[in-house]
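The values are calculated or read from the model by the stated rules, or taken from the named source; none is laboratory data. Keep in mind that what you see is a predicted model, and the values were worked out from it rather than measured. All Cβ positions, glycine included, derive from the backbone under ideal geometry; neighbour counts span all protein chains shown. Side chains included, ligands, DNA and RNA excluded: accessible areas come from the protein's heavy atoms. Shrake-Rupley method; radii C 1.70, N 1.55, O 1.52, S 1.80 Å.
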Amino acid sequence: MLRRTSRTERTGSAEALRLVGVTKVYGSADNRVTALDDVSLTLPAGSFTAVMGPSGSGKSTLLQCAAGLDRPDKGVVMVDGEEMTGGKEAALTKFRRTRIGFVFQHYNLLPTLTVLQNTTLPLKLAGRRVDNRLAREVLDRVGLGGRVDHRPDQLSGGQRQRVAIARALVAEPRVIFADEPTGALDTRSAREILSLLQEAVNVHGRTVVMVTHDPVAASYADAVLFLADGRLVGRMASPTVDAVAERLAHLGDLVHQSQPTEV
Ligand code: ADP
């Protein structure tokens, strides 16, 4: 008899990402900067979260630490219920390659590879079987079915970012981290990219964490986390453009009242 599977069964742990007391300090002695200060948060699988805050508030550092691209000085990062911090560099790289996808502001595509080759590159790097049929399906889904043999310089910015999204999706990661994914795009392409990220969450059950400074981009997420001075100072569910802009304008007030918040 067929049994319906719950979302938890389909996607593994119900909790996609957990940070506990994550602290990151740059520099030493008299030029120390605490980029992240005791940050704790939990994101459920199948959620779309935007991370916002003023320049220098720690957004990139949070993303780098949460994605295993950098190591926190203190604290623990768990992806899909498994600890990512600790362990050797090679183990961390393997962990990252199997569980995490990235979408960067400037696409980070290899110029000499075709769209299809760029899309399957993470699978190759991870030593996984390259399923070109699946890759073509994903490229179809992001509207690039007719461009699989093009090279990045034959594509518009919006199309290049779609390749980056296809590349992130094809490896079926637990969490996709997007760093200002619409920062270099015109309004229309930006909207299309944000809709694709939403679809990755709502239709395909992925978990997306997106750093952005744009309230419009943030309004596509299920929730927004606000950072200031390396601390989490607030969370907003069901964000609207106006509510996000208003909260950003008053973040300074929150910093002075805040204790470390867990969200
Ligand atoms: P945001 O992404 O919100 O602009 P960042 O995470 O880039 O913030 O930076 C947080 C703080 O850490 C800033 O004060 C920044 O100058 C500092 N910082 C970031 N990366 C480094 C680094 N590699 N070396 C020294 N300081 C850094």
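Details
- Residue match in region 64-81 (condition: under 17 Å from V175 (Cβ atoms), more than 15 Å from the ligand (Cβ to nearest atom) and acidic (D, E)): yes
- Any chance V142 is in contact with a strand residue (DSSP E or B) (Cβ under 9 Å, 6 or more places away or on another chain) and of a type outside the set (S, T, N, Q): no
- Helices (runs of 4 or more DSSP H) fully within region 176-255 that include at least 1 residues being closer than 23 Å to H106 by Cβ: 187-202, 215-218.
- Search result, residues across region 163-176 that are closer than 16 Å to T119 by Cα and open to solvent by less than 40 Å² (accessible area, probe 1.4 Å): V163, A164, I165, A166, R167, A168, L169, V170, A171, P173, I176
- Residue that is modelled with the lowest pLDDT, among those in region 140-162 that are open to solvent by 60 Å² or more (accessible area, probe 1.4 Å) and assigned to a helix (DSSP H, G or I): R141
- Region 25-63, residues that are near the ligand (Cβ under 8 Å from one of its atoms) and surrounded by 22 or more Cβ atoms within 10 Å (Cβ to Cβ): A35, L36, G53, S57, G58, K59, T61, L62
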